[in-house]
1. In debye to the nearest 20, how big a dipole does the chain give about its Cα centre with +1 on each Lys and Arg Cβ and -1 on each Asp and Glu Cβ?
2. Quick one: net charge of Pro248's neighbours, Cβ under 12 Å, K/R +1, D/E -1?
3. Arranged from highest to lowest average of other beta-carbon atoms within 10 Å per residue, in what order do the peptides 186-197, 46-57 appear?
4. Sort the following peptides by mean Cβ neighbour count (other Cβ atoms within 10 Å, averaged over residues), highest first: 77-87, 272-282.
5. Work from the charge dipole of the chain (Cβ charges, +1 for Lys and Arg, -1 for Asp and Glu, about the Cα centre) and give the residue of Gly100, Ser160, Met215 farthest towards its positive end.
6. Segment 58-75 to segment 216-293: how many Å between their Cα centroids?
7. Once you wrap a convex hull around the alpha carbon atoms of segment 158-293, what is its projected area averaged over all directions, in nm²?
8. Reachable lysines from Lys4, Cα under 28 Å, same-chain residues fewer than 8 places away excluded?
Amino acid sequence: MSFKGTYTALVTPFRSDGALDLDALARLVEWQIESGIDGLVPCGSTGEAATLSHSEHIQVVKHVVEVVAGRVPIIAGTGSNYTREAVELTDEARRVGADGALLISPYYNKPTQDGIFHHYRTVAEETGLPLVLYNIPGRTASRIEPATTARLSRLPGVVSLKEAGGDLVATSQTIAMSEPGFVVLSGDDALTLPMLAIGAKGVITTTGNVAPRQMSEITRAFLGGDTERAREIHYQLLTVMEALFIEPNPIPVKTALAILGRIPEPTLRLPMTTMQKSNRDRLEAALAELKQE
């Protein structure tokens with residue numbers, strides 16, 4: 001399976017007591033599909049996977065699979081800094097019906113490039129689920145180098161990369177060195193347009209939570225040859241994209257969804273805390289300019 005287009009990295013709604021709010025999650029999923037999103041990614045960084053228990057993690061993935069009912073592909077976040085845990089989470093995601101898995105490169109341990117390679121190879125070989133690599137050095141303290149991605153792209157089952165390294169030269173090297181058909185997706189909303197210009201095929205987006213139609217249209221227009229339209233929407237969304245990252249993700253996006261009435265409340269789990277008022281004011285101003293549908 002090849003993952004292309006716009007995939008929303010879903011938030012995980014919580015009730016005021018901190019429990020999962022699966023009804024709110026189902027409503028979000030339905031709105032995403034109605035808005036033309038190409039696919040969904042539950043339990044990534046935006047979904048606060050780091051604060052979910054294993055049972056909650058699989059419960060969220062299973063619920064999204066059931067609500068989607070085959071209408072769009074689902075890539076479940078299953079990454080860990082412990083390879084055996086990553087295998088177990090990925091295997092469980094496969095069991096409940098996910099179409100693929102997104103795995104952050106091992107964080108904190110700071111493995112060598114060879115260690116990163118063998119981590120992903122082990123998950124691919126033991127689970128059989130199509131894997132999306134995830135390079136985000138700002139969170140992991142290590143980087144998947146272009147040569148390592150190219151090496152991984154030759155393994156059966158390693159189909160894509162979510163690139164959030166913020167380095168367009170390195171991304172160009174990755175695309176040039178990887179196997180034909182290996183798909184690179186933007187992992188940075190504001191860099192989606194330039195990444196499409198150098199050969200990326202889509203985005204896994206946080207902004208898609210609040211503007212799924214517009215984010216989908218950026219990739220659809222660009223890949224369809226209408227670069228002017230893609231550029232126009234990019235600039236329409238730029239203020240919102242910036243506002244959604246003025247505090248650590250997913251604090252702003254959950255706050256935005258509550259402001260828009262898409263979730264009942266922006267409940268977060270510690271160590272994430274409520275958005276500062278000055279930043280919330282800036283976020284509200286950006287959202288006021290966003291055309292909702």
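1. Details: 27 positive and 34 negative charges, 50 e Å.
Around 240 debye, computed over the chain.
2. Working: positive: Arg139, Lys254; negative: Glu48, Glu247.
Every neighbour counted, the sum reads 0.
3. Numbers: 186-197: 21.5, 46-57: 17.2.
Per-residue mean Cβ counts within 10 Å order the peptides as 186-197, 46-57.
4. 77-87, 272-282
5. Ser160
6. So the two Cα centres are separated by 23 Å.
7. On the way: hull surface 36.9 nm².
The Cα convex hull of segment 158-293, projected and averaged over all directions, gives 9.2 nm².
8. Within the straight-line limit of under 28 Å, Lys4 reaches these lysines: Lys62, Lys162, Lys201, Lys254, Lys291.
All of the numbers you see were taken from the coordinates with simple rules; none came from a lab. What you see is a predicted model, and the numbers here were worked out from it, not measured in a lab. Cβ coordinates were reconstructed from backbone atoms using ideal geometry, including for glycine residues, and neighbour counts include every protein chain displayed.
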